[in-house]
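Notes to accompany the following structure.
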Amino acid sequence: MAETAFAVAPPAAVLRAGRALVRRHRGRLAVVTATFLLAAGCGLVGPWAVGRIVDEVSGDGGVDAVARYGVVMAIALAGQAAFSALAGLIGMRTGERVFADLRESFMTAVTRLPLGAVERAGTGDLVTRTTRDVGMVSDTVRFGLPQLLQLVVTVVATVVAAVLVDARVSLAMLVILLVGPVVVWYLRRSRPVWERVGAAFSDVGEDVSANARSARDIDLLGLDGVRRDAVDSSLRGLYRARRHEVFLRTVLIPSTNLAFSVPLVVTLLWGGWLAERGMATAGAVAAVVLYNGQLARPVEQLIDWVDELQQSWVSYARILGVESDVERGVAASEDAASLQGALELDRVTFAYRPGEDVLHGVSLATTPGERLAVVGPSGSGKSTIARLMSGIDRPRTGAVRIGGVDLAGFGAQEVRRTVCLVTQEHHVFVGTLAENLRLARRGATDGELEGALRAVGVDWQGELDDGLDTSVGAGGLALTPVQAQQVALARVLLLDPDILVLDEATSMFDATSARTSERAVSAALAGRTVVAIAHRLQTAADADRVAVVVDGRVLELGSHDELLDADGEYARLWRAWQG
Ligand code: ADP
């Protein structure tokens, strides 16, 4: 299971968000409700007319009452069909709009999630929320919203009609309330169960996606058994949660079925008793019994929807939970424009796991325009320094500042406008080469794009069939890892950040092209601060200053020549590398 999954929004937040959603679409929802009301009104004419026929025929009205009320019923039926169709159409359109609104705000949130939060929660959880949970809410909003409106309107209108026909006979309908306690019992228990089902789906998703991601390592390290046990255990969790869910339904469904037949019988008996004593007409009893019959289907569907609503509520809470992670990331956001100047780590400590610091009081200050290389053995904390500098992770103690302003007050999004981190993981988006580059600068001209590509040493773009308009990424031309790194570096040039942190950004390049493109990037970003985590010491030799990091501490700091003269760790590394 992910150590810190995304949050699940509390009920109050779900209600607030739901209300805001309804408020934004209230005009349309009102039109849909009114149209359903017209349809339901037409549907109520039938039983009333049957009641009238019974009364007139059993009185002295004669058989022509049948013809008269028959015409009325036919007109009402036609009206019901027409209004239902119209209401269905407007209802579906409204549902789609409401869902589009919801999906857009969720996708905006997903793309703004702090990277650290995604890494902590695991992509499995996020994928489960974007697929299963969004799908769940989608069905409820698109189909459920119009249908729920229709059902509620129909039930209320039917009860009102029955009471208008004969309030006394209608009293028998109260028997349906007996289903209430069962529904309440079910609702109390089902939400936590749905939450567990959702979390269990996330666990399975997380385990399966981790297996797929690391299939090769699992094979190499012989971890098949361990990983199978992990999946088995998360599947068992899911099985238990779903079993509990099925048990709750085995109580709910038979009880609701009973709830429809019982009121019908009770109304007949009660109505018959009243009619015998002359306290109700046979027609009124017939009409109320028919209304009762008409209630069964909508109430049954309503109860079905209540169940579905519970599940959607939970899914919606999980979706909103992701949004709250974004808010937490940017909550303390100050004016990002104030982030300018020198980048500085001040006695920073950091731990991925509580109690296991990987940085022990690192202080490192750059001056604007400086090229600083960070070198050191693998696992010494270089990448962690890069992540702290770019605001992805926060120090446990100490501070990261830009121009003297503590980054703690900013979201990763704001920091990103000033500091750009390029790692060795590059993503090529599905789209054209030009679109991939314009992610960094929307309005860039073709000339600027080509310039950026040239600067990072791209010589293959002329060979592409459609030049900048060639489709790349999944389904298009597959770029080699080197080409992907080059595209990433070209994006950096277009982005033109104040501070650039390169973490093995040229790891795929051969030594010569790495050096050429690093120099090109540096030259293009003249006046900007560049911090390069270097695995090739040549990068360090080109830098203004070098920081040697060993075991989470800055051991040496100075220019290449100074450090060679000092004949310490750096000199040793340099000699080993030269050798
Ligand atoms: P470097 O970049 O110098 O190779 P890192 O900054 O990647 O070093 O790692 C520093 C230490 O932190 C290492 O001991 C590493 O095992 C540990 N570490 C790095 N990333 C994580 C993580 N996501 N979770 C737990 N430990 C980590």
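The values are calculated or read from the model by the stated rules, or taken from the named source; none is laboratory data. Everything quoted here is computed from the prediction, not taken from an experiment. Note: ideal-geometry Cβ built from the backbone for every residue, glycine included; neighbour counts use all protein chains shown. Surface accessibility is based on the protein's heavy atoms, side chains included, excluding ligands, DNA and RNA. Shrake-Rupley method; radii C 1.70, N 1.55, O 1.52, S 1.80 Å.
Could you list all residues from segment 469-507 that are within 16 Å of the ligand (Cβ to nearest atom), of a type in the set (D, E, K, R) and modelled with pLDDT of 85 or more? Walk me through it before giving the result.
Of all residues in segment 469-507, those within 16 Å of the ligand (Cβ to nearest atom) come to 501-507.
From what is left, the residues that are of a type in the set (D, E, K, R) are 503-504.
Result: Asp503, single match.
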| said: Please count how many residues of segment 114-136 are within 14 Å of Val8 (Cβ to Cβ) and β-branched (Val, Ile, Thr). | reply: 1
| query | Does any residue in segment 484-495 that is more than 14 Å from Glu425 (Cα to Cα) come within less than 7 Å, Cβ to Cβ, of a residue that is basic (Lys, Arg) and open to solvent by 10 Å² or more (accessible area, probe 1.4 Å) six or more places away or on a different chain, and which pairs are these? | reply | Leu494/Arg441; Leu495/Arg441
| note | All-but-one check, Arg396 against (1) crowded, with 16+ Cβ neighbours inside 10 Å; (2) within 16 Å of the ligand (Cβ to nearest atom), failing number (1)
| said: For a quick check of your reading: which helices (runs of 4 or more DSSP H) sit entirely within segment 134-176 and have at least 3 residues that are touching a Ser or Thr at 6+ places or on another chain (Cβ under 9 Å)? | reply: 134-139, 145-165
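Would you be able to say whether some residue in segment 101-117 is touching a Gly at 6+ places or on another chain (Cβ under 6 Å), away from the ligand (no atom under 16 Å from the Cβ), assigned to a helix (DSSP H, G or I) and open to solvent by 30 Å² or more (accessible area, probe 1.4 Å)? Working first, answer last.
Step one: of segment 101-117, the residues touching a Gly at 6+ places or on another chain (Cβ under 6 Å) are 114.
Restricting the remaining residues to those that are away from the ligand (no atom under 16 Å from the Cβ) gives none.
No: segment 101-117 contains no residue that is touching a Gly at 6+ places or on another chain (Cβ under 6 Å), away from the ligand (no atom under 16 Å from the Cβ), assigned to a helix (DSSP H, G or I) and open to solvent by 30 Å² or more (accessible area, probe 1.4 Å).
Condition check: within 16 Å of the ligand (Cβ to nearest atom), within 30 Å of Tyr352 (Cα to Cα) and modelled with pLDDT under 90. Does Gln413 satisfy that? So that I can check it myself, show each step before the final result.
On the way: within 16 Å of the ligand (Cβ to nearest atom): no; within 30 Å of Tyr352 (Cα to Cα): yes; modelled with pLDDT under 90: yes.
For Gln413, the condition - within 16 Å of the ligand (Cβ to nearest atom), within 30 Å of Tyr352 (Cα to Cα) and modelled with pLDDT under 90 - is not met.
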| remark: Checked against (1) surrounded by fewer than 19 Cβ atoms within 10 Å (Cβ to Cβ); (2) more than 30 Å from Val208 (Cβ to Cβ), Gly46 satisfies every condition except (1)
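Given the structure, is Glu370 surrounded by 14 or more Cβ atoms within 10 Å (Cβ to Cβ), free of Cβ contacts under 8 Å to residues at least 12 places away in the same chain and of a type in the set (D, E, K, R)? Give the derivation first.
Working: surrounded by 14 or more Cβ atoms within 10 Å (Cβ to Cβ): yes; free of Cβ contacts under 8 Å to residues at least 12 places away in the same chain: no; of a type in the set (D, E, K, R): yes.
Spelling it out, it is not the case that Glu370 is surrounded by 14 or more Cβ atoms within 10 Å (Cβ to Cβ), free of Cβ contacts under 8 Å to residues at least 12 places away in the same chain and of a type in the set (D, E, K, R).
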| What pairs can you find where one residue is in segment 1-27 and closer than 30 Å to Ile90 by Cα and assigned to a loop (DSSP other than H, G, I, E, B), the other is open to solvent by 70 Å² or more (accessible area, probe 1.4 Å) and at pLDDT below 90, and their Cβ atoms are less than 8 Å apart, with a gap of 6+ or different chains? | His25/Arg97
| Got a number for residues in segment 31-76 being under 48 Å from the mean Cα position of the chain (by Cα) and of a type outside the set (Val, Ile, Thr)? | 13
| query | Do you know which residues across segment 546-568 are of a type in the set (A, V, I, L, M) and either surrounded by 14 or more Cβ atoms within 10 Å (Cβ to Cβ) or in contact (Cβ under 8 Å) with a residue 12 or more places away in the chain (or both)? | reply | Val546, Ala547, Val548, Val549, Val550, Val554, Leu555, Leu557, Leu563, Leu564
| Can you name the residue in segment 414-467 that is among the charged types (D, E, K, R) and surrounded by 15 or more Cβ atoms within 10 Å (Cβ to Cβ) and, of all such residues, is nearest to Arg528 (Cα to Cα)? | Arg416
| remark: Out of (1) of a type in the set (D, E, K, R); (2) touching a strand residue (DSSP E or B) at 6+ places or on another chain (Cβ under 7 Å); (3) under 22 Å from Ala523 (Cα atoms), the one Asp469 does not meet is (3)
